[in-house]
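Read-outs throughout are calculated quantities, based only on the coordinates presented, and are distinct from any laboratory measurement. Quantities reported herein were computed from a predicted structural model and do not represent experimental measurements. Cβ: placed from backbone, ideal geometry, glycine included. Neighbour counts: every protein chain shown.
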Amino acid sequence: MPTFITRRAAFGIAATAALASLTACASDIRPLEDPSVVDPMRPYKGDLKFNSYKSTGTYRPASSTKKAENPPMPTPPVNMKSKTTSGMYAAIGYWVASLNYLTVTGDDTPFKAVDMDVIYVRKMEAYVELYKKNEGWMYGTETPLMAELTEETPQKVDDQQYRWKGIVRGHKDAVLHYVPEDRDIRVGESSGDSSNDEVTFVLNYRDDAWMVTVETKNSSTTSPGSSGGSGSGLNV
């Protein structure tokens, strides 16, 4: 069986933010003039929420016998490029939603809009090939990756870069069906470690848009080819 069919390689991505639920709309977040100022009407700390999707047809969830049909596709929220706290929050939400969309469809098109250096797109090529060759699919949840932000506001590095701390985890119901062996792999349990992983979302404002990269305790965005990883199996 290919080595990517493990929790670490199955998620093949640095650390990720969470979509514990899709109940709040990032595009409705009120912009702030100063990214370091807290909007009292919009708490950012806690489960990351995102709800900017478009229909691709009649949605039929995946099961152990067939892959998902027409999952809703994430679309960039209107404020995602704004140089504000809400813009950064929207960019992280879109990054995670696009990653989850890739894992349940094999389509990396939305992800490329926020992974401008294709750091993580390259890391997720195994998923693209898995679906392209009809060798497997994800089922059990539409959000295999979940997390939360642990700070109310990001930390400013300079005018172009901010860092926002969070926690990531794999969804306990995420299962990868591998066709060649007719085998189901429970992704959230394959590492034997269900603990949360502390991560930092690094946001760089470039070409009038936020680029998102992720750091774990054992890796950093300065070395995207690193083989190190966190306890959740998410590696940069």
FRET E, pair residue 54, residue 129, Förster distance 25 Å, beta-carbon r, rounded to 0.05: 0.45
Potential lengthening between residue 151 and residue 112 on full extension [0.36 nm per residue; Cα-Cα distance subtracted]: 11.4 nm
Total formal charge among the other residues, if their Cβ is under 12 angstrom from that of residue 47, Lys/Arg +1 and Asp/Glu -1: +2
Spin-label pair residue 165/residue 42, simplified geometry with 7 Å Cα→Cβ offset, distance in nm: 2.3 nm
